[in-house]
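Have a look at the structure below, then the notes.
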Amino acid sequence: MNQGIAEITLIYALPLGISFVTLFTTAAAPGRNTKVVGAILSTLTIVIDCLFYFVKNTIIVQNVEGGILLSFFLLFLFGLLCLVQSEEWSTRISFLLFSMCMLTGLIGTACFEHPTLVLASSYSPAEVVSANKKFEDYISSFDKVDSDKAKSGVRASTGKRDDDESDADDDEEYTPEVMGRLDGYAEKAEILTGKMLDIVRSIETFQPMEPNISEMKRESISQQALALNNKATSLNRKAIGLFHPLQARDAHAELVEASEALRTAAHTLYASCLQEDPGEQTQKFMQARKMMLNAKGHIDQFNKLIQSLK
C-alpha cells in the first residue's frame, strides 16, 4: 500500500502540482512581458504533461523514473519563470541556481539511472531485446565500416594473403572501441548480477510461514518479502534499460531473462505470504523457489557468455 501511494505521488501528484503552481504564477504575473514569457513556459509545461500522460508507454514510459524526470524538468521551467518575474538581482541569481540544480538532477537521472524508453510494461524480455537491436545495429555499423577500411588498407599494401591469413580474417576481431564498450557493459552488468545473487540468497534462506502464526510475525515476514519484491522489480527495470553493445546481445538477453525470472519469483514469494490457506501458501512458495533457481541458471549462463566475449 505504501509503495502504491509513493508511485501515485511521484507519477501524478508531484508533476501535476508543479504544473498548476506554474500556471497560477503565470496568471498572477504583474507585467505584460512577464505574462508572455510565462504563457510560453506554461504552454511547454502542458505539452510535456500531455506527452507523459497521454502518449504513455510508447516513446515515454509512465513509471516512477519517468515521473521523477518530469518533475525535474517542470521545476526547471518553474525556476526560469520565477527568474523572469524577479526584479532584484539577488533573487534572480537564487532562481538561476535553482534552475541549474534541477537541470543537473534531470541530466543526472537520465544518464545514471538509464530509465528505459521502450514499452517495458507490455513487451516480454525477449521482445525488449529485439526492440533495442535496431539501435545497436546502427551503432555497430560504424565499427564495421572502420574495420572494413582497415582490412582494405592491409590488403592493398600486401597485395596477397595466404591461407592462414584467410582463416584469421574469418575470426571475428573487436576494435578497441568495441572492447571498451564491452568492458563498460560488463562492469555495470556485474553490479546488477551481484545484487540479483543477493536476492537469490535471500529467497533461498526464506522460510515458509508456520501454521497458526501470530499476526505480528506474519506482518514482519510479509514486509521482508515485500522488500525483496521491490528490489527485484527495480533490478528488472535497470536490466531492461541497460544499454549493451551488439556483440553482447545474447548475454544481455540472459541478463534480462534472469531479472524477469527473479522479479516473478520475488512477487510470488510475497503473494505466498498473503495467502490464508496453508496449501496455497506452500504451492506459491515452491513456485517462487523454482523461479529463483531458473533466474540463477540464467545468471550463470550470462556469466559464461560474458567470459567468452572477453
Query raised in the report: Which residues, counting only those in the range 42-61, are surrounded by 18 or more Cβ atoms within 10 Å (Cβ to Cβ) and at pLDDT below 80?
Result: Phe52, Ile60, Val61
**Report entry** Out of Met216, Met196, Met286, Met291, sole residue that is within 18 Å of the chain's Cα centre (by Cα) and in a helix (DSSP H, G or I)
**Finding:** Met196
Query raised in the report: So which of Ala271, Ala227, Ala251 is hydrophobic (A, V, I, L, M, F, W, C) and closer than 14 Å to Thr193 by Cα?
Result: Ala251
Query raised in the report: Mind checking which residues of the range 268-283 are surrounded by fewer than 20 Cβ atoms within 10 Å (Cβ to Cβ) and in contact with a helix residue (DSSP H, G or I) (Cβ under 6 Å, 6 or more places away or on another chain)?
Result: Ala271, Gln275, Gln281
Requested in this report: Working only within the range 64-93, note down all residues that are loosely packed, with under 15 Cβ neighbours inside 10 Å and not in a loop (DSSP other than H, G, I, E, B).
Outcome: Trp89, Ser90, Thr91, Ile93
Requested in this report: Confirm whether Glu280 is more than 17 Å from Val200 (Cβ to Cβ) and assigned to a helix (DSSP H, G or I).
Outcome: yes
Report task. Have a look at Leu246, Leu235, Leu182 and point out the one that is among the hydrophobic types (A, V, I, L, M, F, W, C), at pLDDT 55 or above and under 24 Å from Ala265 (Cα atoms). Result -> Leu235
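The values are calculated or read from the model by the stated rules, or taken from the named source; none is laboratory data. Just so you know, these numbers come straight off a predicted model, no measurement behind them. Positions of Cβ are generated from backbone atoms using ideal geometry, with glycine treated the same way; all protein chains shown enter the neighbour counts.
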